[in-house]
1. Please give the FRET efficiency for Ala324 paired with Thr362, using the beta carbon to beta carbon distance and R0 = 41 Å, rounded to the nearest 0.05.
2. Of Lys440/Lys608; Lys440/Lys610; Lys608/Lys634; Lys488/Lys608; Lys484/Lys608, which sit over 23 Å apart, Cα to Cα?
3. Using amide H atoms built in the peptide plane, which far-off residues or other-chain residues are under 5 Å from Glu369 H to H?
4. In terms of solvent-accessible area of protein heavy atoms at a 1.4 angstrom probe, what is the ranking of Glu351, Glu603, highest value first?
5. Keeping all protein chains in place, calculate the accessible area per residue for the stretch 483-641 (probe 1.4 angstrom), answer in Å².
6. Among 453-462, 260-269, 512-521, how do they line up by average Cβ neighbours within 10 Å per residue, starting with the highest?
7. Roughly how many whole Å is it from the C-alpha centroid of the stretch 463-502 to that of the stretch 571-623?
8. Please give the length that would be gained between Asn448 and Asn372 if that part of the chain were fully extended, namely 0.36 nm times their separation in residues minus their C-alpha to C-alpha distance (nm, one decimal).
Amino acid sequence: MSWSSRHLLVPLSAVLLVLSACGGDDDNKNPVCGNGIIESGEACDDGNRTEGDRCNNSCQVTTPVIDAGTNDAGSDTDAGIDAGTETDAGTDDAGTVTDAGTETDAGTGTDAGTGTDAGTGTDAGTGTDAGTGTDAGTGTDAGTGTDAGTGTDAGTGTDAGTETDAGTGTDAGTGTDAGTGTDAGTVDAGTDAGTETDAGTVDAGTDAGTETDAGTDGGAIDAGPAPDAGTDAGTETDAGTETDAGTTATLSALEPAAVFARSGTTGQTIPESLEVTLSTEATTDVVVQVSSSSPSVVVANNGQVTVPAGSRSAAVIVTADEAAGSPKATLTATLGSDSRTATVRVLGATEQASLAYLSPETVSLASGETANVTVTLDIPAAAATSIALSTTGNVGSVPATVTVPANEISAKFIFTAGASGSTGTIVATLNGQSVSAQAKVTAAPTTNHVVISEVAGGGNGGAGDEFVELYNPTNAEVNIGGWKLQYKSATGTAGYTSTYTLPSTARIAAHGFYLLTHRDYVGTVTTDSSWGTTINMGASAGHVRIGPAAMGTSTGDSNAVDTLGYGGTANAAEGNSPVNGAPATAGSYERKANAASSAATMESGVDKTKGNSQDTNVNSADFVIRTTRGPQNKASGTEVP
């Protein structure tokens, strides 16, 4: 067409447009494509006659160049790279022949991907649109901010592309979204579309809470249903189970609190190894960081101490250098928020030890008995160190020397008690320096068995205010469990008629007491075992005896360990000589501490705390009558004869 013809056509078109807008016979009016008004025979009229914009120059709908689900169905990457399923609401195209999202459809009978297009009057989704109020395929585009990736979005709570559809009423993207700014098509919306951030963050499925994964299927089946995000967010390999962070070991100790390290050496501390200890066995290797306050002590491996899996502790390896800093360093072990400290003293390479003390400080034994004694140095020995030993006062014997091994701080030796009644010291000497402990040799006990030490057949509480006290004069505890306490009247001939068996747990300490009582006993000293009303003693005459389980009831049973006959009429007293007389209501019968004891010395004199070991097997010679009774139990302490 010539240039002049074109000039004629332009004004002519304008004239026709004006005429069409003016009045006239509507039935005779022809539609004008490009005037922005959809008229008879036009499927669309977008105000222009440009091709490729969904409305061609004949005002008929065409497939746009930029589709509702190709390179821009929701984000820069694409809301269709993967909205969560294999088919997907935007795999290759939200408007291709395959579909706008699922096997069923993007939501309409026409289809968001038929020849009609994802942007027809029917639309690519619902009456509103699979994208926005404008259209999933208008000039605004199915990939704009209003797009198929908004809070409503191209999917549903079930999935951004499940069998239900990528275009249901709810949306292919939940509140979090399978297609928000983060998008259902970011780096990987299919690795795990089940995390808090998104159905498709950098990898919301790498682990939604556990080492295994809170999204086992990685989104291949779905970005949210049962097989998906949560398949393992709490299993045995997960956070919250046996291998969980809930059983993580914590730092329990750094011990001993004070140790040594010799300058110029690398290794464990001395005399004991300094160790980090966990609260429980480590399930995997646990690294505890240990720092030092001084360069004089350097912790190996840059301070990292590894507790191996299956262990609770590990040694701290150090290198000591006395010239590098302070002679003492504080080591601090740290694991998480837990920390512990210990002190390491750096010793000179040849620094010599001195004597510190002997323990125990006092030794008391019977003649011929033995005891372990320990000599302790002030620091670990640089080399094996021999210490001279001796005794004074004929108190006993010790070896000539004892050796403390290198890097140790103490050694033990045996002391053997000498002559009875002797006192003296045990002495250790090193390089002219001496330390000592006191030693005493006690007299051998005159009685080698448990005895009846005090008896009351009544008291201020009435006839039942009775007790029998036992005493152990020997140097060892005696098991009296199952023993028997028996009673018979003063003149009875049928043997012992009342028997009480002691509890199987009954024990009496060396030089200690054990108290047995009637049910109605009212003394302030607590009973160790009550016989109830099994035994009812005579207040001024009768017999009591003690013996093992094998003891019978006959008067002359040889299993009886000790017997007391009291009152002038008692017919089976030891030595056939009962204790004559009867105590006052508040009084009692008590065994002597020794032959010279009297009622006065036993109640408040020199023998008050010397026990009750006098036993000549003659009751009248071994007992006194007290004016006030004084029962003792196993909690009363001990009394050495």
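The values are calculated or read from the model by the stated rules, or taken from the named source; none is laboratory data. These figures come from a predicted structure and were not determined experimentally. Because the Cβ atoms are built from the backbone with ideal geometry, glycine has one as well, and the counts that use them run over all protein chains shown. SASA here: full protein model, heavy atoms, side chains in, ligands and nucleic acids out. Shrake-Rupley method; radii C 1.70, N 1.55, O 1.52, S 1.80 Å.
1. Numbers: r = 44 Å, r/R0 = 1.08.
Efficiency at R0 = 41 Å is approximately 0.40.
2. Values: Lys440/Lys608 21 Å; Lys440/Lys610 16 Å; Lys608/Lys634 17 Å; Lys488/Lys608 30 Å; Lys484/Lys608 28 Å.
Over 23 Å Cα-Cα: Lys488/Lys608; Lys484/Lys608.
3. Excluding prolines and chain starts, which carry no amide H, the hits are Ala417.
4. Working: Glu351 60, Glu603 40 Å².
Descending accessible area places them as Glu351, Glu603.
5. On the way: 6600 Å² over 159 residues.
Counting only protein heavy atoms, the per-residue value for the stretch 483-641 is 42 Å².
6. Values: 453-462: 21.3, 260-269: 18.8, 512-521: 22.9.
Ranking the peptides 453-462, 260-269, 512-521 by packing returns 512-521, 453-462, 260-269.
7. The two parts, judged by their Cα centres, are 17 Å apart.
8. Values: separation 76, 0.36 × 76 = 27.36 nm, distance 2.44 nm.
Using 0.36 nm per residue and subtracting the Cα-Cα distance, I get 24.9 nm.
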